[in-house]
Amino acid sequence: MAVFGRMMVVAAGVAAGLALSASALAQSTLRVVMHSDLKSFDPVWSGAYIVRNHGYLVWDTLFAMDEKFQIKPQMVDKYAPSDDGLTWTFTLRDGLEWHDGTPVTAEDCIASLKRWAARDSMGQKLAQSVKTWEVVDAKTFRLVLKDQFGQVVESLGKPSVVVPFIMPKRMAETDAFKAVDEVIGSGPFIFKKDEWKPGEKVVYVKNPKYKPRAEPASGLAGGKVVKLDRVEWVWIPDPQTQVNALIAGEVDMIESVANDLVPLLEKEKDVTLIKQSVGNQYTFRPNWLIPPFNNPKIRQAAMMALNQEDFLKGIIGDPRYWRTCKTIFPCGSPLATDAGMAGWIEGNAAKAKQMLQEAGYDGTTVVIPYPTDLQVIGNMGPIAKSLLERAGFKVEVQPADWQSMVNRLISKKGPPSEGGWSAYLTSWSHVDILDPLMAPMLVSTCDKARAGWPCDEKMEKLRDAYARELDPAKKKAIAEEVQAYNREIVTYVNLGEWFGVSAVRKNVSMPAVPPPVTAFWGIEKK
């Protein structure tokens, strides 16, 4: 009986140990509802933010932006420009290794940067100034410029779409306009393609061989210290169901909570709400190719008719999470300025109607597609319709799902009768619009520009001047000129700033200042 009793005690101890191990394993897995499902893997080919976020887990960058918007070395150990600024030498830090066990090389870096530059507007400007890329040795490479380019490290540390992620040379040699489907990086997480279930789950595990930088994490820079064994992106399309799952402990985090559900989560003792550290900018994008917005005076009339407060109150609501901001560069950022914007974007219907008449508007219908499955921008179409109609525009809004809408925006350049469109509304993260070179909506390279296809030689000359200038004061003056000129030609209209809200369960510890892109280093689940 005594022996049997001792056996029971031992068995109980083993069972307890197994339960503890299972519990420990479960606690090292973070289950997250992201803002979208992951449908493609290539963050250079795709401009979707969800693919960019995927990229930051799997790949790494040569430089990265810290929380003060300063560019710091990441994969790079040391770098130096020549005295004339035309030759830049970069040396990689020790211990960089691909997930398949092979070392990261200078050749990988050069091939990756060439592919990135073919897709990114900032990369394209850099490429125009490049004379050669040269391999010095396995860990060192050189950039030789034809002329001055004042944004070298800023380009290589670009924080958002399109990010210059470094990929293996064999992948980076893929045509930039074709997506790679292999997911081999050198970043802090490894993608588990064998566990990927489209429309259901995406899985990443900690890269045990990743060597973080020694300095503390700051923004997207510094040491990417991973404290989780596993991250699962769980796709739940319905916002209420997301919240219910968080409250029940079925998921640990919601990347972006629907605005109308924030008050519900504020009452939950086991949930913490986090205002995201970097905001977003709502935008109105006219199509320059077809009437009525092929006329700059009519684009100006639309700018006069639109009102930031109507969009921000109608979509975000809670004033803790939005602010009016007339500068096209984010409020609080180094280039922010209200210069020349007095009286604009305030919903002045009478003035807009007068401008519309003077421009010779003939009643052409403005067709605006808008998404029904993205809460944070879904109401923008109807709000724009109301404001534009007050000024005398004839407007038709056309609902669609986001993916179908994006395909239409990209592929249809003709009139609405042929499937085309007149304008659309969306949102950009602040880390995409910090300066004239970076901001995608300012690119005015005609058919090479983003959907809307602005075509303006002076705007491109201003962006070139900004790229070449080295003096910060002169760069800021050029940025002010860019903003003033955009008011004349209207490549887009800034409709104010908003801040997303993330939600985590209390047992999840987040960085004091979360990075501007949802990343999973520095997060701990207790």
What helices (runs of 4 or more DSSP H) completely inside segment 337-418 contain at least 3 residues that are modelled with pLDDT of 95 or more, touching a strand residue (DSSP E or B) at 6+ places or on another chain (Cβ under 7 Å) and not acidic (D, E)? 380-390
Residue in segment 66-80 that is modelled with the highest pLDDT, counting only those that are more than 20 Å from Y210 (Cβ to Cβ) and under 18 Å from the mean Cα position of the chain (by Cα): I71
Among (1) within 27 Å of M438 (Cβ to Cβ); (2) in contact (Cβ under 8 Å) with a residue 12 or more places away in the chain; (3) not small (G, A, S), D175 falls short only on (2)
In the set A80, A138, the lone residue that is surrounded by fewer than 16 Cβ atoms within 10 Å (Cβ to Cβ), farther than 16 Å from S186 by Cβ and not hydroxyl-bearing (S, T, Y) is A80
Do the conditions hold for E480, that is, is it of a type outside the set (S, T, Y), more than 30 Å from S411 (Cβ to Cβ) and either crowded, with 16+ Cβ neighbours inside 10 Å or modelled with pLDDT of 95 or more (or both)? yes
Count of segment 118-152 residues which are of a type outside the set (S, T, Y), in contact with a Lys or Arg (Cβ under 9 Å, 6 or more places away or on another chain) and part of a helix (DSSP H, G or I): 6
Condition broken by A117, with the remaining ones in (1) over 16 Å from G157 (Cα atoms); (2) buried (at least 20 other Cβ atoms within 10 Å of the Cβ); (3) at pLDDT 95 or above satisfied: (1)
Can you tell me which residues in segment 24-45 are at pLDDT below 95, under 19 Å from S509 (Cβ atoms) and hydrophobic (A, V, I, L, M, F, W, C)? A24, L25, A26
Does W344 satisfy the criteria of being crowded, with 17+ Cβ neighbours inside 10 Å and touching a Phe, Trp or Tyr at 6+ places or on another chain (Cβ under 6 Å)? no
Quick test for you: out of I254, I274, pick the one residue that is closer than 20 Å to P514 by Cβ, surrounded by fewer than 17 Cβ atoms within 10 Å (Cβ to Cβ), touching a Pro at 6+ places or on another chain (Cβ under 9 Å) and in contact (Cβ under 8 Å) with a residue 12 or more places away in the chain. I274
Here is a list: D464, D447. Which entry is modelled with pLDDT under 95 and either farther than 26 Å from Y321 by Cα or assigned to a strand (DSSP E or B) (or both)? D447
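The values are calculated or read from the model by the stated rules, or taken from the named source; none is laboratory data. Given the structure is predicted, the values throughout are model-derived calculations rather than measurements. Cβ sites come from the backbone with ideal geometry, for glycine too, and all protein chains shown count toward neighbours.
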